[in-house]
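The values are calculated or read from the model by the stated rules, or taken from the named source; none is laboratory data. All figures in this text were calculated on a predicted structure; none of them were measured in a lab. Virtual Cβ from ideal backbone geometry, glycine too; neighbours counted across all protein chains shown.
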Amino acid sequence: MRSYLAIFPALILAACEAPENRPSAPPPGVEDTVSVAGQESVIEIRAAWMRPHPAGRDVTAAYFTANLAEGFEDVLLSARIDGAERVELHGHFMTGDGVMQMREVGPQRIGEDGPLIFAPGGLHLMVFGLPAVSEGETVNGTLTFQNADAVPVRFAVQSMPPGLSAD
C-alpha cells in the first residue's frame, strides 16, 4: 500500500505538467515507431517530382505518392537521392502559438486505407547537399520500405506539382 502512496503523487504531478513542457504528439498519420516486419508488399510510386533549387541554396524538397499495389501494409523507412548528401522525411506542423514549422518525422506507414502522400504543405522529402537541379531535369532516387525493400524512383524537376501549370 505504501508503494502506491509513493507513486500516486508522482503520477498526479506528471499529469498536471504545463502543456508547454509536454512533448507534442505527432499529427495524424505521423508515427514515431512503426513496424510491420515479416509481411510482403509491392509499392507503386507515382507523381514523383522535386522543386528546382532556390537561388543560392543547396536544399530542396521532393514529393511523391506511394500506393500499396499488392500485399500487406508496409513502412517507409528512408529515402536516398543520387548525388545528395542526405535526405530526410519531413512534415509541416502547427505550433501551439500558430506558427507553421517543419521537422524531421519518423517512418511512415502505408496500408489499405489509402496512399501515402508526400505533397507541398505536408509530408515531404528534404534533400540536402544535392548539386543544383533545374526545371526539366530528372533525378534518380530510392525509397526504402521495411518489407518491399528498395523501390527506385525518378523525380521530375519542376516548379509545380504534376498536372498543374504555373499560369
For this session: Kindly establish whether GLY29 is part of a loop (DSSP other than H, G, I, E, B), at pLDDT 50 or above and not polar (S, T, N, Q).
Result: no
Of the conditions (1) surrounded by 14 or more Cβ atoms within 10 Å (Cβ to Cβ); (2) within 27 Å of GLN158 (Cβ to Cβ), the single one that MET100 does not satisfy is (1)
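Give me a count of the residues in the stretch 105-132 that are in a strand (DSSP E or B) and among the charged types (D, E, K, R). Please lay out each step first, then the result.
Pass one, the stretch 105-132, residues in a strand (DSSP E or B): 108-111, 114, 116-118, 124-128.
When the remaining residues are screened for being among the charged types (D, E, K, R), the result is 109.
So the count comes out to 1.
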Restricting the stretch 82-97 to residues that are charged (D, E, K, R) and either in a loop (DSSP other than H, G, I, E, B) or out of contact with any Gly (no Cβ under 7 Å at 6 or more places or on another chain) (or both), the one surrounded by the most Cβ atoms within 10 Å (Cβ to Cβ) turns out to be GLU88
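Please work out if VAL157 is of a type in the set (A, V, I, L, M), buried (at least 20 other Cβ atoms within 10 Å of the Cβ) and in contact (Cβ under 8 Å) with a residue 60 or more places away in the chain. Break it down stepwise before answering.
On the way: of a type in the set (A, V, I, L, M): yes; buried (at least 20 other Cβ atoms within 10 Å of the Cβ): no; in contact (Cβ under 8 Å) with a residue 60 or more places away in the chain: yes.
It is false that VAL157 is of a type in the set (A, V, I, L, M), buried (at least 20 other Cβ atoms within 10 Å of the Cβ) and in contact (Cβ under 8 Å) with a residue 60 or more places away in the chain.
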Does the stretch 50-70 include one or more residues that are over 22 Å from MET160 (Cβ atoms), crowded, with 20+ Cβ neighbours inside 10 Å and β-branched (Val, Ile, Thr)?
-> no
Within the stretch 72-104, of all residues that are more than 13 Å from VAL59 (Cα to Cα) and acidic (Asp, Glu), the one farthest from the chain's Cα centre (by Cα) is ASP97
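Quick one: which of ARG154, ARG103 is modelled with pLDDT under 95 and in contact with a Gly (Cβ under 8 Å, 6 or more places away or on another chain)? Working first, answer last.
Working: ARG154 fails: modelled with pLDDT under 95.
One residue alone meets the criteria, ARG103.
Quick check, is MET102 more than 18 Å from ILE43 (Cα to Cα), aliphatic (A, V, I, L, M) and not in a loop (DSSP other than H, G, I, E, B)? Steps first, please.
Values: more than 18 Å from ILE43 (Cα to Cα): yes; aliphatic (A, V, I, L, M): yes; not in a loop (DSSP other than H, G, I, E, B): yes.
In short, yes.
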The number of residues in the stretch 133-154 that are exposed (fewer than 14 other Cβ atoms within 10 Å of the Cβ) and in a loop (DSSP other than H, G, I, E, B) is 4
